Every structure is written in C-alpha cells, then in structure tokens.
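The structure appears below as structure tokens.
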Amino acid sequence: MATESFGIGFVSCGFITRELHVPSVEYLPDVHVAGIQNRTRDTAADLATECREAGLGDPTVYGEGEVAALAADPDVDGLWVTSPNFTRVDVVDGAIDAIDDGASLRGIAMEKPVARNLREAAHVIDRIEEAGLSHAYLENWPHEPDIRKMRELLWERGRPAGRPYLARSQAEHGGPHSAWFWDGELQGGGALTDMLCHALAGNHVLLSDPERPDGDLEAVAVSADTETLKWSRKRYAQQLREEHGVDYESDPTDDYARATVRYEDENGEPVISEASGSWCYVGAGVRRTIELLGPEYSGQVVADEESSSVFFSDSAGNGEGWAEKQTATSGRMPIDAASAVTGGFVAENRDAVDAFRDGENGMLDLEDGRRILRLCMAAYRAAETGQEVDLRTVDLSTYTPPPARGRQRV
C-alpha cells in the first residue's frame, strides 16, 4: 500500500458515517480517512474538509458513479460501505469491477443490513468472496463496551450454573432521518429491517458461547408481528408526504415489529431471542434495553440513560439537535459525548482494520450479516402469514417482504 497508515474509503457520508464512523478514526492508531464518495459531491467535499480540520486525513473526494475510482485510489486500503440499502449491489459491483481492472484493496466492510433481501445478499457476498477480499459486517451492538462486558462477565461467572437461555432487546426512536428509510422498496422493509436487525444480531452474539467461535446454536423457528401504529394516521402521514414524498395512508411500512427466534443449543435445549423495536418512540433520542438471562444470573444494559444532560426552555430550544434521532430541541436532553466509543463504532472499526491487515475477516463478517438478514426475512414471512416459520425447511432465497414489493409514489 502507499502508506503504512491504513486508508479508509467511505462510500456515502450520511449520518452514520459523518457522526459515528468518521469520528471513530481519531481513536484508531495508524488509520486515516483516504477517500469519500457520495452521490452529492458537495456533501462529500464538506465532510472531507471536516476530516482535514480534525487531522483525520486528507481524503480525495468522489461524486456520483465514482465508486470504482474510489476503490482504485492507491491510498485506499479498505472500503467502508455505508450507503443506502438500495445501492449496495451497484456499489459492490463497482468496487469489484475496479479490482478486476487492477485495483488493490484489503477488504470491504458493510454497514447493517448487508442488503435488502437474500437475493441481493448472495450477489454481494459472492462477488466479494470471488475477488478474494476479506470482509466485515458493521453491526455495532456486539462491540459496545457495556454489552461486551456484560456478555463476558455472565458467560465467565455463570457458566458453572449453565448457559444463558434468554436474550431480550428493545430498540426504538421517533423515526428515520433520511427519506429513503421510509420507502419500503428502497429500504427493503420498515422498522423491522431497520431496528430489529440490530436487536437480533445483538441477541445472537449474547447467546453464543464465546469459547465456540464456530457457533453452538441453531436457529430453528421464528414468530413475529408487525404493525403501523403511528405514521399511517392522517396527521403523521401528511407530515411524511410533505417531508419525504411517501404515502403512509395508502402504502405504509411497519413502524413497529416484534420477533421471537427459537434456537437449540448443541444438546438440543431451547434458547430464546426476543426482539422488539419501533419508529414510534417520543423521547430524547434512541431508547434501548438489552438483557441476558441464565439459570442463576442476569444482566441488563439500558442504553438511553446518559450520565450527563442539559436543559433548554421552549424559548431557547428552537434549533438543530445534537443526539442521534433527537425529536425535540427543548426540555432535558442527554449529552451523547464520545458516542463513537460508547456505541461500539471504535471497536468494530478497529476489529475490521486489524482483520484486513492480517488478511482475515472481521469478528462479524458478511455471512453473519446474511444470517441476520435471513432472520429478518423469516420474521416478515411469519408476520405476513400469521404462522411460525420453520427455519429448517423454509426457502427464503427469493422472498421479498410486503413493504418492499412495490409502492405507489405520491
């Protein structure tokens, strides 16, 4: 590579990149931002300026249709794909085509979810693996310090009593910050694919034996419910129509979802993952609760309880927020300082960089992403049919969730 420092090339510079992935680079030794590609070139240029001012690198800017150029940049060692779900196939195709033409990369890391459905996931993974590239699945929950420590303590000290048998995760906020999230066809679903993919991945890691990296659990069945509780109501549907150009009165996606995954361990004993999430929560940012229970122990992480907060009156509160998914600018609000660290983004990016430097996949790789996506597809199928889905027999390879089957645009 051109430098000893590992150069990250970001594909897209939306909220998750701008507020979490890029700031995490400050904490990564011998890592810099080498390039930024975005469909709106000016947005990429603005983020590149911020990187230079913060001492995070001197990234080259690329615009729409220039993923291949980013992949071919000699200062870029790995691509971090954080672009909208509907772009994933084109992004990977562009990057792999560049490699076929002589570009050199050490790996590709992809933000959750890996794709909109299992057809797209298969295409993406096949192309990356055929090119011989290392890969990582950017799911931050299992990397969060509090969650990792809870898992470590409960498995280590609770093992003599027996393995944990129940994980519960809840994640909700007031709704996505970009228009494409609200469009079921572009996003691939609704709150289920946006929120439950986090909770299902987190639960799976919590329930998996740390001493068995090849896995000791088999997912055998999924039951689920989905509903549109808030955003199809006339007042809120009108808000979405005006702000994002989607029609939630005629074609709503789910803004609430619940799924239960039944596993069996190596001895055939039942292990349960319960996940719920919504876009209906009205509060200061994101609300999450993560629990792990075993025969003689339990642990909990409540992720919305910040140790620091501020208060603004209504007269002073008009302005932009500063916390993720903040839905108000007055009253008492958490100060979400160092969220790149506490949210697990530093740890997941360090893991990916270290793995790519060693020619390996990340702790979570794209096969893990495909497994979580399959659980999401099974949950949509279960909610659609009203019946539990048997994961040992069901074929979801061509399944498309109801919200993603084509929508009437306004």
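Here are some notes:
- Selection count, region 91-118, where residues are in contact with a Phe, Trp or Tyr (Cβ under 9 Å, 6 or more places away or on another chain) and part of a helix (DSSP H, G or I): 1
- Residue count, region 363-389 (criterion: small (G, A, S) and buried (at least 24 other Cβ atoms within 10 Å of the Cβ)): 3
- Search result, residues across region 69-90 that are in a helix (DSSP H, G or I) and over 17 Å from G132 (Cα atoms): A69, L70, N85, F86, T87, R88, V89, D90
- Some residue of region 166-183 being within 30 Å of P295 (Cβ to Cβ), touching a helix residue (DSSP H, G or I) at 6+ places or on another chain (Cβ under 8 Å) and among the charged types (D, E, K, R): yes
- The listed residue being in contact with a Phe, Trp or Tyr (Cβ under 9 Å, 6 or more places away or on another chain) and either under 26 Å from T87 (Cβ atoms) or not in a loop (DSSP other than H, G, I, E, B) (or both), out of E185, E211: E185
- T393 vs. criteria within 18 Å of G190 (Cβ to Cβ), β-branched (V, I, T) and modelled with pLDDT of 95 or more: no
So that you can scan it fast, the table gives a plain yes or no per residue for (1) crowded, with 20+ Cβ neighbours inside 10 Å; (2) among the aliphatic types (A, V, I, L, M); (3) free of Cβ contacts under 8 Å to residues at least 60 places away in the same chain:
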site	(1), (2), (3)
H32	no, no, yes
A44	yes, yes, yes
R52	no, no, yes
A71	yes, yes, no
D77	yes, no, no
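- Qualifying residue in region 220-231 (condition: out of contact with any Cys (no Cβ under 6 Å at 6 or more places or on another chain), outside any strand (DSSP E or B) and without any contact (Cβ under 8 Å) to a residue 12 or more places away in the chain): no
- One residue alone among H21, H32 is in a helix (DSSP H, G or I), at pLDDT 95 or above and not hydroxyl-bearing (S, T, Y), and that residue is H21.
The values are calculated or read from the model by the stated rules, or taken from the named source; none is laboratory data. On a predicted model such as this, the values are computed, not experimentally measured, just so you know. Every residue, glycine as well, gets a Cβ built from its backbone with ideal geometry; the counts of neighbours run over all protein chains shown.
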